[in-house]
Amino acid sequence: MVTSRASRPSIFVLSSRFEPSALVGALTAANVADDQVRVVYNESGKRLSEAELTAQRPEHCVGIIAGLEPLTAEVFAHYPDLRAVARLGTGTDTVDLEAAQRQGIEVLTTPDATTNAVAELAVGLMLASLRGIAAADHDIRVGTWKPHLGGLLRGRTVGIIGFGRIGRRVAELVVAFGARVVFFDPLHDGNDPRRADSLASLASQCDVLTLHAPLTDQTRHIVDAALLSQMKPGALLVNAARGELVDEAALLAALRGRRIFAALDCFANEPYTGPLRECDNAVLTAHMGSLTAETRTEMEHTAATELVAALVQLRLL
């Protein structure tokens, strides 16, 4: 689909794992012929940096399909023709929304596609920690046969920070295990009796605290030293949302003090190479909450379809 005719509008697919058939299908469904658009794929096999995004900008780029790449004001300034960005997933913390608005760039997401995958991973992290699954696997691989005495999810209180699509799905899943749910979300309206009055109240009563809030200026380091100190001794912190929700230095101190356990799928800086790797009371995974075959397919098709529809409506395709 890529040719040298630079006068055509371009679509830049930033995610190196993106399946081209998703975009091809969306273009075909919209009756956009191959000679009407140039598609450029990221073939580096890695996430592009801010400098790489500016250096590799295709000419006349009107649309972007993005993962977690840093779409900053500086990046947007190098894309004068850009009019629509479709992000794979729900969060927009890697996109400068104010800069996008100033430049007339529509930002689209795929909020429904990731719900089940992230919720199921969060529950999987709970089980892996409570039952010592990761530790037992490690022991056997190094030649040690050591059955681990674990605990049940049944009968425990699971506290949820952020009660949107994913938080509510986590609640449904853990209730099926026999757990009790309590949540905190200042944006939640209604009189749900499970709603805690404050973060401190939530932290003090739950055995498992799981994070499902977006990253904003208000939620950055929402789990800090003070909140960690209010958690029950032996409680479990689960983060399958955004790494920056947690003050990692404070968490490291709590883990080294053996006060709590943690199960983390995301970190402030990724790929993560920091000292949390040394804590045997933490289960760590590589930001793979949305990485199921079914979810990737749904995200990619949804993002491609919405991007193409937006560009067609703007008469850019």
**Study point:** Mean accessible surface per residue for the chain, computed with a 1.4 Å probe while every protein chain stays in place, in Å²
**Key:** 49
Check your understanding: Rg and Dmax of the chain, Cα atoms, in Å?
Key -> 21.6, 65
Study note, to complete from the structure: If amide H atoms are modeled at 1.01 Å from N in the peptide plane, then the residues at a separation of 5 or more from V181, or on another chain, having amide H under 5 Å from its own are V158
Exercise for review: Multiply the residue separation of S229 and V312 by 0.36 nm, subtract the distance between their alpha-carbon atoms, and state the gained length in nm to one decimal.
Suggested key: 24.6 nm
Practice item. May I ask you to list, by number, the DSSP H helices of the chain whose Cα span along the axis is at least 27 Å and whose average Kyte-Doolittle hydropathy reaches -0.5 or more? Key: 293-313
Check your understanding: Where the only charges are on Cβ atoms (+1 Lys, Arg; -1 Asp, Glu), what is the dipole of region 153-311 about its Cα centre, to the nearest 20 debye?
Key -> 640
Practice item. Quick one: divide the alpha-carbon radius of gyration of region 87-237 by 2.2 N^0.38 Å and tell me what you get. Key: 1.21
Point to revise | Segment W145-T216, length gained on full extension (0.36 nm per residue, minus Cα span) | key: 21.1 nm
Revision key, fill the gap. Rounded to the angstrom and largest first, Cα extents along the principal axes for region 50-147 equal 60, 28, 18
Exercise for review: Divide by every residue of the chain the summed helix terms, -39500 (n - 2.57) for each DSSP H run of at least 4, and state the resulting mean residue ellipticity at 222 nm, rounded to the nearest 500 deg cm²/dmol.
Suggested key: -10000 deg cm²/dmol
Revision key, fill the gap. Of the convex hull drawn through the C-alpha atoms of region 1-90, the volume per residue in Å³ is 100
**Study point:** Cα pair distances in region 209-286, grouped into 10 Å bins until the bin that holds the longest one, percent each
**Key:** 20, 60, 20, 0
Practice item. With a 1.4 Å probe and every protein chain kept in, tell me what percent of the accessible surface of the chain is carbon plus sulfur. Key: 51
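The values are calculated or read from the model by the stated rules, or taken from the named source; none is laboratory data. This one's a predicted model, so the numbers in the text were calculated from it and none came from an experiment. Counting neighbours? That spans all protein chains shown, and the Cβs are built from the backbone with ideal geometry, glycine included. Just the protein is used for accessible areas: all its heavy atoms, side chains included, with ligands, DNA and RNA removed. Shrake-Rupley method; radii C 1.70, N 1.55, O 1.52, S 1.80 Å.
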